[in-house]
Amino acid sequence: MSGTRDALWRALQEVKDPEIPTVSLVDLGMIHRLQVAGDRVTVEILPTFVGCPALEIIRRDVRERLLRVDGVADVSVKFVYHPPWTTERITEEGRKQLASFGIAPPRDPGNHPLDIVPPCPYCGAEGGEIHNLFGPTACRSIFYCRRCRQPFEGMKPV
Amino acid sequence: MRVVSATEAKNIDGYREALTELLFQLADDELIVGHRDSEWLGLAPDIEEDVAFSSIAQDEVGHAVYYFERLHELGEDDADRLAFDRRADQRRHAVVLERPNGDWAYTIARHFFYDVFDQIRLEALSDSGYVPLAQGVAKIRREEHYHLLHMRLWFTRLGSAGGEAEARMRRAIRDLWPDIGGLFSLGDVERPLVEFGIIPFGAAELQRRWERQVRPAFEEAKLPWPGSPVVPATDGRKGKHTSDLDRLLDSMTEVFRMDPAARW
């Protein structure tokens, strides 16, 4: 079965976040558990945000991709909330891919809860400003780089 | 008492009933405040607030769905029907949340007061003996953190700005105060909720903690503290609501009533 498990993980690497098409669900740290029983596969996924509207698309994409793996006849996708997804689950590779898409990877908050501005993904400058805690998706904020003088998106630390 | 699943909850005398009431309070608070948030879409004072309120609305409604799913596990209807197909007297949110948005000051003050309350309630429920609730709450708290930061900033800025902003904030607080105590009520099930350990403490402690967090914000905003709020006679936790809810439901359930099976 270990051959199948490797093939399944490789297949999951190809399933990207519908809203961040350069980053896989694996690198976002969203795959909690993969269980194989004969030709049936169960995947437990941790949503990044409880109200994420992309969940049904993710369910469909995971199912479709895993059903193309040899020896898989049935795929069940479950969303679970324990452990909670946190931004610390994003892999090093995931952080690089986020930055290449123009989204600054999250950094640990400082002493003040609003001290969350990450380095600019374009020029690397620190010390930017919060433009809006909320952004185009639940998991992102909008920041402003004082050096490039342009806004950029970043992931909220949660 | 530690209860790990809906199946177990259903087998303990009185447990399911108390838990169901609390889950409706949580779900309905989030659904109704989320719906009011969504009404700002395209109308907020600037584009950034349009983005913020849309995002917050999406979070709140998502949290409501989480609680509705827990209710479904306990034998209630599915999430769509619970959201759109219940009468006003079956809803358990606090009346303050069904009031129309009013002006920006009213919206901000209400959201700030609610978000402080919600954080305190979530903090309490992270110790809930009902494990599926405690687990979801751990996740939801991390998201609500940002709502509260945002609203607190607005609250203190508008209050301390003087002029029209301050006048509107004073009026908003005056209008909110008779309703705001309704947040703390746990309805008819406070005793069993505490006895079963579904929530570690009751309404009085929720309110005490709320005041301890809200009063410093009044000072920072240079706004006078209006005194401890009391639970209003129209207690939403007991299914009592106002005609404001009838109008909200008319609008919120319009599509569902046209075609309950619609997919979109």
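Within the stretch B:186-204, being over 20 Å from the mean Cα position of the chain (by Cα) and small (Gly, Ala, Ser) holds for one residue alone: B:197.
Candidates in the stretch B:47-77 are the residues that are among the charged types (D, E, K, R) and facing chain A (nearest Cβ under 8 Å); of these, the one that is farthest from residue B:136 (Cα to Cα) is B:48. Residues of the stretch B:160-185 that are over 14 Å from residue B:107 (Cβ atoms) and more than 19 Å from the chain's Cα centre (by Cα): B:160, B:161, B:162, B:163, B:164, B:166, B:167, B:170, B:174. Consider the stretch B:193-208 and keep the residues that are over 17 Å from residue B:231 (Cβ atoms) and touching a Ser or Thr at 6+ places or on another chain (Cβ under 8 Å). The one that is surrounded by the most Cβ atoms within 10 Å (Cβ to Cβ) is B:198.
Considering only the stretch A:116-126, I want to know if a residue exists there that is within 14 Å of chain B (Cβ to nearest Cβ) and closer than 19 Å to residue B:145 by Cβ. It would help to see each step written out before you state the result.
So in the stretch A:116-126, the residues within 14 Å of chain B (Cβ to nearest Cβ) come out as A:116-117.
If we keep only those that are closer than 19 Å to residue B:145 by Cβ too, we end up with A:116-117.
Yes, there is a match, as at least one residue in the stretch A:116-126 is within 14 Å of chain B (Cβ to nearest Cβ) and closer than 19 Å to residue B:145 by Cβ.
Of the residues that sit in the stretch B:124-147 and are among the hydrophobic types (A, V, I, L, M, F, W, C) and surrounded by fewer than 19 Cβ atoms within 10 Å (Cβ to Cβ), which one is farthest from the other protein chains (Cβ to nearest Cβ)? Top of the filtered list is B:124.
Being outside any loop (DSSP other than H, G, I, E, B) and within 14 Å of chain B (Cβ to nearest Cβ) is the requirement here; does residue A:131 meet it?
On the way: outside any loop (DSSP other than H, G, I, E, B): yes; within 14 Å of chain B (Cβ to nearest Cβ): yes.
Yes: the conditions hold for residue A:131.
State the number of residues belonging to the stretch A:143-158 that are part of a strand (DSSP E or B) and either within 8 Å of chain B (Cβ to nearest Cβ) or out of contact with any Pro (no Cβ under 8 Å at 6 or more places or on another chain) (or both).
First pass over the stretch A:143-158, keeping only residues part of a strand (DSSP E or B): A:143-145, A:150-155.
From what's left, either within 8 Å of chain B (Cβ to nearest Cβ) or out of contact with any Pro (no Cβ under 8 Å at 6 or more places or on another chain) (or both): A:150-151.
The qualifying residues number 2.
Within the stretch A:28-69, the residues that satisfy the criterion of being part of a strand (DSSP E or B) and either closer than 17 Å to residue A:82 by Cβ or polar (S, T, N, Q) (or both) are A:31, A:32, A:33, A:34, A:35, A:42, A:43, A:44, A:45.
When you go through B:22, B:26, B:43, B:31 one by one, which is the residue that is under 24 Å from the mean Cα position of the chain (by Cα), at pLDDT 95 or above and part of a loop (DSSP other than H, G, I, E, B)? Spell out how you get there, then give the answer.
On the way: B:22 fails: part of a loop (DSSP other than H, G, I, E, B); B:26 fails: part of a loop (DSSP other than H, G, I, E, B); B:31 fails: part of a loop (DSSP other than H, G, I, E, B).
Checking each option against the conditions leaves just B:43.
Mind checking which residues of the stretch A:13-35 are touching a strand residue (DSSP E or B) at 6+ places or on another chain (Cβ under 8 Å), more than 14 Å from chain B (Cβ to nearest Cβ) and modelled with pLDDT of 95 or more? Across the stretch A:13-35, the qualifying residues are A:13, A:14, A:15, A:16, A:23, A:24, A:25, A:28, A:31, A:33, A:34, A:35. Within the stretch B:187-221, count every residue that is closer than 30 Å to residue B:156 by Cβ and touching a Gly at 6+ places or on another chain (Cβ under 6 Å). Matching residues across the stretch B:187-221 total 1.
The values are calculated or read from the model by the stated rules, or taken from the named source; none is laboratory data. Keep in mind that what you see is a predicted model, and the values were worked out from it rather than measured. Cβ sites come from the backbone with ideal geometry, for glycine too, and all protein chains shown count toward neighbours.
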